[in-house]
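Comments concern the structure below.
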Amino acid sequence: MEIDFKNVDIFDFTKKIENARRTEITIIYEGKNITKEIHSQLTSCSQSDSINQLDTLELTLENRDMLWISSWMPQKGETLKATLTLKHWEKDLEIITHDMGLFYIDTVDFSGPPDIVNIKAISFDISSDIVDKKENKVWENVTYKTIFNEIAKKRNIKAICEISFNRKYQRIEQKLQSDFDFLKKLSEEAGINLKLFDNKIIAFEEEEYEKKEAKKIFFKNQLESYSFSTEDTDSYSSCTISYYNYKKKKKIEKTFKIKNRNSYKKHTKRNLFINEDKQVTGKNAQEVEKQLLEIAKKALRDKNKREIKGNISFMGTSELISVGDTIILNDFGNFSGKYMIDDLKIDFLSYKINAEIHKIIEFEVEND
């Protein structure tokens with residue numbers, strides 16, 4: 001078939017090309033826009049995000065002129081800032097720009113042939129005192145929020161604390177730990193997620209995020225790939241907490257069980273044992289019981305939350321999807337339902353997204 005180029009409307013043809021859906025990436029290195037300089041060298045650019053870990057930005061570039069191992073060689077701790085622009089991605093939306101945050105170069109790898117450089121940057125300053133400086137301190141009669149806010153203020157970092165269970169401590173010791181490692185340990189014990197991102201420290205509870213409205217509904221034909229699995233390796237039907245009662249001067253055990261464990265065969269049981277070395281606070285038996293119940297709830301939720309997990313790949317949308325967002329999957333039989341995103345990898349060049357997810361399963365915990 002021959003095309004009659006005389007009858008082709010060049011203006012219309014050019015307009016269609018200009019209006020084609022595409023992504024553009026802007027890279028700012030140490031405050032300078034280097035997008036033009038690296039445009040022809042950039043072979044891949046992606047961001048990885050995890051609900052409980054530092055985010056990463058990764059660039060792979062050709063090193064044909066060997067500039068990246070001489071005058072252009074990056075230094076650890078230098079900054080990278082990435083902006084993703086979507087052009088004509090959806091109808092009636094011409095340009096949408098997403099600021100992907102500030103990153104600090106952590107790793108630089110070189111390989112060949114062909115000669116390439118891989119630059120990996122993380123979402124928090126690698127030289128920050130909150131990560132590196134070891135501290136010794138005794139905290140008395142404090143709550144989790146008090147410790148969290150005092151550390152953020154001392155390190156001059158913006159604090160975002162979105163928690164409902166504000167655990168109390170009569171006495172707790174920070175022994176030759178960085179502030180971040182100390183907070184991380186407290187957070188894990190209290191069922192709280194902790195993240196460092198863009199010069200902020202963020203504490204949040206997954207169950208509160210699970211309640212939020214789903215960001216997107218996916219049908220089977222909208223996903224490029226999908227996989228699901230169920231596992232019983234580390235899931236439990238009950239939790240026993242052993243702790244020392246200082247008033248009674250003896251060790252006490254309390255057991256709590258999941259009321260509605262519907263996904264399991266009847267009488268299937270496994271007990272999670274916690275040896276609570278910190279004093280459980282409370283003015284009376286009811287307050288102690290309430291705190292123990294919250295500790296058991298958090299521990300059982302953390303162990304059981306990935307009972308049903310999956311992996312999905314899809315083309316990104318104009319609204320940026322992030323870790324901690326919830327989505328709904330349809331057309332998947334028993335695997336249909338509401339899921340939370342745990343890990344995410346975004347390819348900026350193709351705007352394809354790969355997500356690790358877990359199904360949100362509701363349950364109640366009560367005294368055994």
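The values are calculated or read from the model by the stated rules, or taken from the named source; none is laboratory data. Every value quoted in this text rests on a predicted model; they were computed, and no experiment measured them. Glycine also receives a Cβ, built like all others from the backbone with ideal geometry; neighbour counts cover every protein chain displayed.
When residue 193 is tested against (1) surrounded by fewer than 16 Cβ atoms within 10 Å (Cβ to Cβ); (2) in contact with a Gly (Cβ under 9 Å, 6 or more places away or on another chain); (3) polar (S, T, N, Q); (4) closer than 30 Å to residue 126 by Cα, just one condition goes unmet, and that condition is (1).
Any idea which of 350, 336 is small (Gly, Ala, Ser) and farther than 19 Å from residue 227 by Cβ? Result: 350 is the single residue among 350, 336 that is small (Gly, Ala, Ser) and farther than 19 Å from residue 227 by Cβ. Checking each residue in region 222-237 for being part of a strand (DSSP E or B) and modelled with pLDDT under 90 picks out 229, 230. Counting the residues of region 111-148 that are closer than 30 Å to residue 64 by Cβ, surrounded by fewer than 16 Cβ atoms within 10 Å (Cβ to Cβ) and either in contact with a helix residue (DSSP H, G or I) (Cβ under 6 Å, 6 or more places away or on another chain) or touching a residue at least 40 places away in the same chain (Cβ under 8 Å) (or both) gives 4.
The residues listed here are 151, 163; of these, the one that is among the aliphatic types (A, V, I, L, M), surrounded by 15 or more Cβ atoms within 10 Å (Cβ to Cβ) and within 14 Å of residue 128 (Cα to Cα) is 151.
Residues are listed down the side, and each one gets a yes or a no for (1) modelled with pLDDT of 75 or more; (2) of a type in the set (Gly, Ala, Ser); (3) surrounded by fewer than 14 Cβ atoms within 10 Å (Cβ to Cβ); (4) assigned by TED's automatic domain parsing to the domain that holds residue 355:
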site: 220; (1), (2), (3), (4): yes, no, yes, yes
site: 259; (1), (2), (3), (4): no, no, yes, no
site: 270; (1), (2), (3), (4): yes, no, yes, no
site: 277; (1), (2), (3), (4): no, no, yes, no
site: 281; (1), (2), (3), (4): no, no, no, no
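On the basis of being of a type in the set (A, V, I, L, M) and at pLDDT 80 or above, does residue 214 make the cut? It is true that residue 214 is of a type in the set (A, V, I, L, M) and at pLDDT 80 or above.
Filtering region 204-213 for residues that are closer than 26 Å to residue 339 by Cα, surrounded by fewer than 19 Cβ atoms within 10 Å (Cβ to Cβ), in contact (Cβ under 8 Å) with a residue 12 or more places away in the chain and over 15 Å from the mean Cα position of the chain (by Cα) leaves a non-empty set.
Do any strands (runs of 3 or more DSSP E) entirely within region 316-364 hold 1 or more residues that are free of Cβ contacts under 8 Å to residues at least 24 places away in the same chain, buried (at least 16 other Cβ atoms within 10 Å of the Cβ) and out of contact with any strand residue (DSSP E or B) (no Cβ under 9 Å at 6 or more places or on another chain), and if so, which? Result: empty, no element qualifies.
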